[in-house]
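The next block holds one structure in the form of structure tokens; read it before the comments.
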Amino acid sequence: MKTYQKFTLITVILGLIIPLLGLFIYFFVNSIIGIPILGLFLGGALLIGILIIAINVAGLVVAFKIKNTKIVGIALIGCGAALFLAVQFLAIPGLILFVIAGILALKEKNPSYNLKERNPEYDSTQEDGVVCLNCQTMNLKNSIFCNKCGQKI
Ligand SMILES: [Zn+2]
């Protein structure tokens, strides 16, 4: 798992636990008071809760499903911004965490171009390889078939 993915996972877990805790406290306070004094806010709180969950799930999907780290980075920062728009000042910790995760993703080298990591057999002294047209994996210079997907090069 990449650093930005770990960071996104932590961000999302915190982002989901805190609203749930808030909801729990809300019901707890209500049950003590007896009167749904906070009931006026429930509609808005539910909407914000759904928004928070949607944004966090979107962040998680982006971090783990999209391979292009540039897109992931921008999307994660976008999630932070969306969270801030939805929850405003309470979302500042989430915003900061999402922005850090986004920057980490942007700094991440795109795996397609990282030969040594992707292909351990690749000899670093060999200057040029062959890029597979099917999956964009860099292969050894004289490869006939792609090392990753098996496509004929
Ligand atoms: Zn391939």
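Of the numbered conditions (1) modelled with pLDDT of 75 or more; (2) in a loop (DSSP other than H, G, I, E, B); (3) more than 30 Å from residue 132 (Cβ to Cβ), residue 1 fails exactly one; give the number of that condition.
Going through the list (1) modelled with pLDDT of 75 or more; (2) in a loop (DSSP other than H, G, I, E, B); (3) more than 30 Å from residue 132 (Cβ to Cβ), residue 1 breaks only (3).
Does the range 137-153 hold any residues that are within 8 Å of the ligand (Cβ to nearest atom) and polar (S, T, N, Q), and which are they?
Once the filter is applied, which keeps residues that are within 8 Å of the ligand (Cβ to nearest atom) and polar (S, T, N, Q), the range 137-153 yields 137, 139, 147, 151.
Output the residues belonging to the range 112-136 that are at pLDDT below 85, within 15 Å of the ligand (Cβ to nearest atom) and either closer than 19 Å to residue 67 by Cα or under 27 Å from the mean Cα position of the chain (by Cα) (or both).
Matches in the range 112-136: 112, 113, 115, 118, 119.
Limited to the range 137-152, what total is found for residues that are more than 33 Å from the chain's Cα centre (by Cα) and surrounded by 13 or more Cβ atoms within 10 Å (Cβ to Cβ)?
Number of matching residues: 1.
The values are calculated or read from the model by the stated rules, or taken from the named source; none is laboratory data. This is a predicted model, so every value here is computed, not measured. Heads up, the Cβs are rebuilt from the backbone with ideal geometry, glycines too, and the neighbour counts pull from every protein chain shown.
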